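Working notes, beginning with the structure itself.
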Amino acid sequence: MTRLSRRSLDRIIQMCWEDRTPFDIIKAQFSLSEKEVISIMRKNLREKSFIRWRKRIDGRKTKHSALMEDKNHRFKSNSQREISYNKFN
């Protein structure tokens with residue numbers, strides 16, 4: 001895994017907490033697999049926060065594109081308007 005800037009780490013964590021941002025989008029933007037993203041979350045969150053996040057995403061259709069019913073829909077959170085370094089504006 002390549003070394004990520006603090007800004008990139010913050011954005012990845014934010015995207016992970018967003019319910020409707022699939023891991024595929026994180027992979028496309030940062031070239032990180034789901035396993036690498038989980039590792040980042042484990043290293044950068046408190047233990048209880050990490051456990052809460054894992055429970056939250058477990059089996060969530062919107063976090064896994066393969067499980068999504070509407071595969072053509074692309075969610076864009078309101079906060080993305082403010083993030084100029086996001087490739088998917």
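At a glance:
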{"item": "Output for the range 1-46, where each listed residue is of a type in the set (Lys, Arg), more than 18 Å from Arg60 (Cα to Cα) and over 9 Å from the mean Cα position of the chain (by Cα)", "result": "Arg3, Arg6, Arg7, Arg42, Lys43, Arg46"}
{"item": "Only listed residue being at positive phi, exposed (fewer than 15 other Cβ atoms within 10 Å of the Cβ) and of a type outside the set (Val, Ile, Thr), chosen from Ser5, Ser39, Ser31", "result": "Ser31"}
{"item": "Answer residue from the range 1-32, given it is β-branched (Val, Ile, Thr) and assigned to a helix (DSSP H, G or I) and is nearest to Arg54 (Cα to Cα) among those", "result": "Ile13"}
{"item": "Search result, residues across the range 45-54 that are surrounded by 14 or more Cβ atoms within 10 Å (Cβ to Cβ) and at pLDDT below 95", "result": "Trp53"}
{"item": "Members of the range 62-89 that are farther than 19 Å from Arg7 by Cα, modelled with pLDDT under 70, part of a helix (DSSP H, G or I) and of a type outside the set (S, T, N, Q)", "result": "Ala66, Leu67"}
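The values are calculated or read from the model by the stated rules, or taken from the named source; none is laboratory data. All values reported here derive from a predicted model rather than from experimental measurement. Note that we place each Cβ from the backbone using ideal geometry, even for glycine, and neighbour counts take in every protein chain shown.
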